[in-house]
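These notes concern the structure reproduced below.
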Amino acid sequence: MREKQAARREFLRNGAALAGGLTLSAAAPAFGQQAPAQPPMIKGEREGEIGYGARSKYTTSVRIPHGGRPTPDTFGLTFHVASPLQDQVGVITPSSLHYYATTRGSYLPDIDPAKHTLMIHGLVDRPLTFTVDDLKRLPSVTRLHFIECAGNRSSRRAKTVQETHGMTSNAEWTGVLLSTLLKECGLKGSAKWFVAEGSEEVKGASSMPVAKAMDDCFVAYGMNGEAVRPQNGFPMRLMVPGFEGILHTKWVQRIKLVDRYYMNYNDFGHLDQDEKEAALGYQIGPKSVITYPSGAQRLPAKGFYEIRGLAWSGGGAIK
């Protein structure tokens, strides 16, 4: 018994020493306990931050072009832009740093929300056209969901986590369940698939099973507490939780209910019409990445550091 007590005391002493080492390695001693010096003040408004807000000039994290294509290119077309995951704090990606991808390069639609509509037609009893205001009058949901591009992976050229995994982001989205809209339209039993089309110049339509539409898809008009950003589908976009990013139709303007799979521009050479194959191709599998310390980062000093990272899965929590 005495040996166990001695061992326990030794363990506690070592733990206390370790805790002290953690503190000393992470912060300088407060000699003299003098009050901190007052920082300089920003006098007046800076970059319109009274009206909207601006981040500190000392925070310089930005997105970068991804996949070897400049964005915008010489014609003004935008392609893929990667999010700086190495600098992300927590699990929410700021709207301004959310990754961005277009359908093989396109211009950014400049949409007046007062004129934009979503038409739902095809195998329904009552084809309907919804305005943005119509959607906001219906019961809403607010949910956290990540979106990931299918091309989000390591490569030999990539040196940072932004270059390898920056084509995924996580945000809080607000909108109306697609099932609510389909019930309003009177979904027919013969409808097995739906085709979602955006407003971009290159129509990035995609086919998806109706079962997914009735499960958890929703049309989002809010992102992180404000309107969806233009690059992420303003004034409304389709959210297809867990499915590849290319299926989350931005600037969604039309949803057609059909009785079979339709091969669309986004689907060609990318997905398979067989239901079993499509289920595997659509859904993002479990993934994780260490964001700190990661490629091109240097630890500032000796001592203990918390290893940080992100994990995500299209199938929900992994148990």
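The values are calculated or read from the model by the stated rules, or taken from the named source; none is laboratory data. In this text the structure is predicted, and so the values were computed from the model without any measurement. We place every Cβ from the backbone using ideal geometry, glycine too, and count neighbours over all the protein chains shown. The area values use the complete protein model at the heavy-atom level, side chains included, leaving out ligands, DNA and RNA. Shrake-Rupley method; radii C 1.70, N 1.55, O 1.52, S 1.80 Å.
Can you find, within the stretch 92-108, the residue that is surrounded by the most Cβ atoms within 10 Å (Cβ to Cβ) among those that are in contact with a Leu (Cβ under 7 Å, 6 or more places away or on another chain) and of a type outside the set (S, T, N, Q)?
Ranking the candidates gives G105 first.
Might you check whether a residue that is more than 27 Å from R104 (Cβ to Cβ), of a type in the set (A, V, I, L, M, F, W, C) and at pLDDT below 90 occurs anywhere in the stretch 305-319?
Yes; the residues of the stretch 305-319 include at least one that is more than 27 Å from R104 (Cβ to Cβ), of a type in the set (A, V, I, L, M, F, W, C) and at pLDDT below 90.
Counting only residues that are at pLDDT 90 or above, within 23 Å of the chain's Cα centre (by Cα) and assigned to a loop (DSSP other than H, G, I, E, B), how many does the stretch 175-215 have?
Looking only at that region, the number is 2.
Among the residues that make up the stretch 107-123, is at least one of them among the small types (G, A, S), under 23 Å from E172 (Cα atoms), touching a Lys or Arg at 6+ places or on another chain (Cβ under 6 Å) and in contact (Cβ under 8 Å) with a residue 40 or more places away in the chain?
The answer is no; no qualifying residue exists.
How many of the residues in the stretch 294-319 are of a type outside the set (A, V, I, L, M), without any contact (Cβ under 8 Å) to a residue 60 or more places away in the chain and open to solvent by 60 Å² or more (accessible area, probe 1.4 Å)?
Of the residues in that region, 6 qualify.
How many residues does the stretch 109-127 contain that are farther than 24 Å from E244 by Cα and surrounded by 17 or more Cβ atoms within 10 Å (Cβ to Cβ)?
Adding up the residues that qualify gives 5.
Assuming A171 fulfils every condition listed in (1) modelled with pLDDT of 95 or more; (2) out of contact with any Cys (no Cβ under 7 Å at 6 or more places or on another chain); (3) over 23 Å from L310 (Cβ atoms); (4) assigned to a strand (DSSP E or B) apart from one, which condition is it?
Result: A171 fails condition (3) only.
Can you tell me which residue is farthest from R156 (Cα to Cα) among those in the stretch 72-91 that are part of a loop (DSSP other than H, G, I, E, B) and touching a residue at least 12 places away in the same chain (Cβ under 8 Å)?
The extreme case among them is G76.
Output the qualifying pairs, or none if there are none: Cβ atoms under 9 angstrom, residues six or more apart or on different chains, first residue in the stretch 135-164 and open to solvent by less than 30 Å² (accessible area, probe 1.4 Å), second residue among the polar types (S, T, N, Q) and assigned to a helix (DSSP H, G or I).
Note: pairs meeting the criteria are I147/N232; N152/T164; A158/T164; V161/Q86; Q162/Q86.
Being at pLDDT 90 or above, in contact with a Lys or Arg (Cβ under 7 Å, 6 or more places away or on another chain) and open to solvent by 10 Å² or more (accessible area, probe 1.4 Å) is the filter here; which residues of the stretch 244-281 pass it?
Correct list: K250, D259, R260.
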